[in-house]
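Trainee: Sharing a structure here in structure tokens format.
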Amino acid sequence: GRVTGENRTGKDAGTYQFLVTPKGRLRGEPVPVTIKVNPRNLSDGVTIEASDVTYAPGNSTPKPNLTLTYNGEKLTEGSRGSGRGDYEITGYLNEQNAGTGTVNIKGNGNFNGSIPKTYTIRPKDMFGTSNIQIEEIASEIQYNWGDPIEVNPSVRVDGYLLTKGTDYEIKYVD
């Protein structure tokens, strides 16, 4: 941007030109002064908060709500291609299972650099308020000498088919 005058200031990262103009008892041509304002690295003074999320079967990426602030001002999400926003989300790691997920954040405009932020993915309470369906399980089976008794139901939560051994387990109860 081009900024002239005594009390005008630039607000964004970029290159600014100022004119130093003689005044009063001095004479001469204005002298241009160029100042480059570099973007601030996200790791330098930017606060990042990420909300916890709950694992949701069928939702491949439970995304946290992010709040980024610098000097008390909330930063805005955007993308480098749009020319808007202070940061963009460039990816998620381990976002499909309960535990810890990581979101990768990259600076835009007045901010640069990349920084990871971890967040908690809480397990879903399968038997709480969810709509659980257990199908394809017989209430009676025929005894076969020496054969183990196996139960292989189809279990769905909110319509999403769960995977035995990953999402649930079956244990015999005496």
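Trainee: Excluding ligands, DNA and RNA, what is the solvent-accessible area per residue of the chain at a probe of 1.4 Å, expressed in Å²? Kindly include the intermediate steps, with their values, before the conclusion.
Mentor: Working: 12770 Å² over 174 residues.
Dividing the accessible area of the chain by its residue count gives 73 Å².
Trainee: Could you check the simple spin-label distance between Thr163 and Val31, using points 7 Å along Cα→Cβ, in nm with one decimal?
Mentor: With each label point 7 Å from Cα toward Cβ, the separation is 6.9 nm.
Trainee: I would also like to ask the following. What are the ³J(HN,Hα) couplings of the stretch 104-114, residue after residue, when phi is run through the Karplus curve with 6.51, -1.76, 1.60 and θ = phi - 60°? Round to Hz, x for glycine and proline.
Mentor: 9, 10, 10, x, 10, x, 6, 10, 9, x, 10
Trainee: At a probe radius of 1.4 Å, what is the per-residue accessible area of Ser79, in Å² to the nearest 10?
Mentor: Per-residue accessible area (Ser79): approximately 50 Å².
Trainee: Using the Cα centre as the reference, give the magnitude of the dipole from point charges on the C-beta atoms of the chain (Lys, Arg: +1; Asp, Glu: -1; all else neutral), rounded to the nearest 20 debye. Don't jump to the answer; show the numbers that get you there.
Mentor: On the way: 19 positive and 21 negative charges, 416 e Å.
That gives a dipole near 2000 debye.
Trainee: Of the accessible area of the chain, with the probe set at 1.4 angstrom, what percent is carbon plus sulfur? Each step should come with its number before you reach the end.
Mentor: Details: 5950 of 12770 Å².
Carbon and sulfur atoms account for 47 percent of the accessible area of the chain.
Trainee: Looking at the chain, which longest stretch skips every one of the chymotrypsin sites (Phe, Trp or Tyr not before Pro) that is in a DSSP loop with at most 15 other Cβ atoms within 10 Å, leaving the sites themselves out?
Mentor: Values: sites that count: Phe127, Tyr143, Trp145, Tyr172.
Result, exposed sites excluded: 1-126.
Trainee: Oh, and also: Residue separation times 0.36 nm, minus the C-alpha to C-alpha distance between Ser51 and Ser114: what's the value? Before the final figure, lay out the partial values.
Mentor: Numbers: separation 63, 0.36 × 63 = 22.68 nm, distance 1.93 nm.
Length gained between Ser51 and Ser114: 20.7 nm.
Trainee: If you take the charge dipole of the chain about its Cα centre, with +1 on Lys and Arg Cβ and -1 on Asp and Glu Cβ, which of Thr34, Tyr70, Gly146 is farthest toward its positive end?
Mentor: Working it through, the farthest residue towards the positive pole turns out to be Thr34.
Trainee: How do Glu140, Glu150 stack up against each other in accessible area, from largest to smallest, with a 1.4 angstrom probe? Show your work: numbers first, answer last.
Mentor: Values: Glu140 155, Glu150 125 Å².
Output order, biggest surface exposure first: Glu140, Glu150.
Trainee: With the alpha-carbon atoms as the only input, what is the per residue convex hull volume for the stretch 18-59 in Å³?
Mentor: Numbers: hull volume 6.7 nm³, N = 42.
Spread over its residues, the Cα hull of the stretch 18-59 gives 158 Å³ apiece.
Trainee: Next question. Which order do Thr76, Thr67, Thr166 take by accessible area at a 1.4 Å probe, largest first?
Mentor: On the way: Thr76 70, Thr67 50, Thr166 105 Å².
Descending accessible area places them as Thr166, Thr76, Thr67.
Trainee: Rg and Dmax of the chain over Cα atoms: what are they, in angstrom?
Mentor: Expressed in Å, the Cα Rg and Dmax of the chain come to 29.2, 113.
Trainee: In addition: Could you check the spin-label model distance between Ala98 and Asn71? Points 7 Å from the Cα along Cα→Cβ, value in nm.
Mentor: 4.4
Trainee: Lysine pairs in the chain with Cα distance under 29 Å, only those 8 or more apart or on different chains: how many are there?
Mentor: Lysine pairs, 8 or more places apart or on different chains, close enough: 18.
Trainee: Please tell me the relative contact order of the chain in percent, rounded to the nearest whole number, where contacts are Cα pairs under 8 Å and at least six residues apart. Display every interim value, and only then the final one.
Mentor: Working: 313 pairs, mean separation 27.2, N = 174.
Across the chain, relative contact order equals 16 percent.
The values are calculated or read from the model by the stated rules, or taken from the named source; none is laboratory data. Predicted, not measured: the structure shown is a model, and the values here were computed from it. All Cβ positions, even for glycine, are placed from backbone atoms using ideal geometry, and neighbour counts span all protein chains on display. Remember, those area values only see protein heavy atoms, side chains included, never the ligands or the DNA or RNA. Shrake-Rupley method; radii C 1.70, N 1.55, O 1.52, S 1.80 Å.
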